[in-house]
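Everything below concerns the one structure shown next.
The values are calculated or read from the model by the stated rules, or taken from the named source; none is laboratory data. Nothing here was measured: the structure is a model prediction, and the numbers come from that model. Every residue, glycine as well, gets a Cβ built from its backbone with ideal geometry; the counts of neighbours run over all protein chains shown. When the accessible area is computed, the model is the full protein with side chains, heavy atoms only, and any ligands, DNA or RNA have been set aside. Shrake-Rupley method; radii C 1.70, N 1.55, O 1.52, S 1.80 Å.
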Amino acid sequence: SSETFWTTTGMFPQEFIIGFPKCVKISKVAIQCYLVRTLRIERSISKDPVGFEQCIEKDLQHTEGQLQMEEFPLPDFPATYLRFIIKSAFDHFISVHRVMAEGT
């Protein structure tokens, strides 16, 4: 639900990790967030959430009063965990409303 969200505590960087039950092949990641300036997505193929490697880093466009909706097409790459790092923001607090990963 876009009515619920994760919010930062006001200092950066901030991060959260999403884990899958097993290693999957991801083709696209999409995120809906608010006031995020720089986002990095990393992946791990380990059994535990360690050994992350960077997949993408992007500066997002400021959209005052609206959710930012970003899609990241990625080659079919395996991942057991995805780590999202908000490196900077347009304000002291940001929110993440939805994260979607497509693949097999």
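The peptide list 51-59, 76-84, put in order of mean Cβ contacts within 10 Å with the highest first, becomes 76-84, 51-59. At a probe radius of 1.4 angstrom, the accessible area of the chain per residue rounds to 60 square angstrom.
Length gained on full extension, K25 to H62, computed as 0.36 nm times the residue gap minus the Cα-Cα distance: 10.3 nm. Look at the alpha carbon pairs under 8 Å that are at least 6 residues apart: their mean separation over the length of the chain gives a relative contact order of 48 percent. In order along the stretch 88-94, the phi-based Karplus estimate (6.51 cos²θ - 1.76 cosθ + 1.60, θ = phi - 60°) of 3J(HN,Hα) comes to 7, 9, 8, 8, 6, 10, 10 Hz; Gly and Pro are listed as x. Taking the Cα centre of the chain as origin and assigning +1 to Lys and Arg Cβ atoms and -1 to Asp and Glu Cβ atoms, the resulting dipole is close to 300 debye.
Of the accessible area of the chain, computed with a 1.4 Å probe over protein heavy atoms only, carbon and sulfur atoms account for 52 percent.
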